[in-house]
Amino acid sequence: MTKIISFISRKGGSGKTTNAINLATSLHDMKKKVLLVETDPNYTLISSRKIDIFKNKLNEKKLFPIIASTDDEVATELEKLAPTGAYDYILVDSAGKTTDQGIKELCLVSNMVIITTSLTQNDLLVAYQTVKDLKPAEKLNSKLKLYLLPNRIHSHTRIKTIKDALSNLNVEMFENFVPQKKIYTIPSTYKSERKYRPIANMIIKEL
Ligand SMILES: Nc1ncnc2c1ncn2[C@@H]1O[C@H](COP(=O)(O)OP(=O)(O)O)[C@@H](O)[C@H]1O
Ligand SMILES: [Mg+2]
């Protein structure tokens, strides 16, 4: 059964794109059939993929596909794509204004929604609003799992500090976090980052 994992947050800059592409390349490396859907109108990943193919003379057929959609249309498209069984995982990197109807519908077709956040005051506030907006979807979609993924965490930060910072957000949190690291600043669209593998495993274990 195809599992749909969507990265959503109310505001840009929290790490949706970084984690979506790292999860996609990791799963592809694990021999899973992956489709990555990008709805951000900047289409960063689709452009990066084109550059990667050109620079490294890659055979596109050997890579997992990255396709474009919009927040408005993605849920309807997924409802058609998922039942074909062509993919093990469909990942959605959303532009994500959580108040949009399209994003609400995306939550209704997803198996997991990941809300990325750093521990800055601003990101925590945005994460709080995002959770508040998306939480009602859990009642409408019984298979939906809503998770916080701490991202851009300084390596010396203790787990307890992260848990305390996120404790009043009223949502499940992953046990592990994504550190602030240079390797994550310009992610590859075809090569997986070895250090991301434990994070990828942690995510799919919950599905
Ligand atoms: N774990 C991380 N370590 C270092 N830089 C990161 C990390 N996560 C995100 N970034 C950087 O922060 C910026 C915003 O991240 P991005 O994934 O594009 O956020 P979003 O998709 O939510 O707008 C990007 O420049 C990205 O390279
Ligand atoms: Mg993005």
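Only the coordinates and a few stated rules stand behind these numbers; no lab work does. Small disclaimer: the values here were computed from a predicted structure and weren't measured. Heads up, the Cβs are rebuilt from the backbone with ideal geometry, glycines too, and the neighbour counts pull from every protein chain shown.
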Hits among lysines - C-alpha to C-alpha of LYS160 under 18 Å, sequence gap 8 or more where chains match: none
So for the stretch 51-207, Kirkwood radius off the Cα pairs, Stokes-Einstein at 4 °C and 1.567 mPa s: how many µm² s⁻¹? 75 µm²/s
Prolate/oblate/rounded label for the stretch 86-147 (Cα gyration tensor, a/c 1.5): prolate
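Using the Cα centre as the reference, give the magnitude of the dipole from point charges on the C-beta atoms of the chain (Lys, Arg: +1; Asp, Glu: -1; all else neutral), rounded to the nearest 20 debye. Mind dumping the intermediate values first?
Values: 32 positive and 22 negative charges, 179 e Å.
About 860 debye.
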If the reach is capped at under 17 angstrom between alpha carbons, list the aspartates and glutamates near LYS132, excluding any in the same chain fewer than eight residues apart. ASP100, GLU105, ASP123, GLU172
Just in the stretch 121-186: which chymotrypsin sites (Phe, Trp or Tyr not before Pro) are loop by DSSP and have at most 15 other Cβ atoms within 10 Å? none
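Per residue of the chain, what 222 nm ellipticity follows from adding -39500 (n - 2.57) for every DSSP H run with n ≥ 4, rounded to the nearest 500?
Numbers: 8 runs with 80 residues, N = 207.
Helix-only estimate at 222 nm: -11500 deg cm²/dmol.
Please tell me which of these pairs span more than 32 angstrom C-alpha to C-alpha: LYS139/LYS181; LYS32/LYS55; LYS61/LYS135?
Pairs exceeding 32 Å: LYS139/LYS181; LYS61/LYS135.
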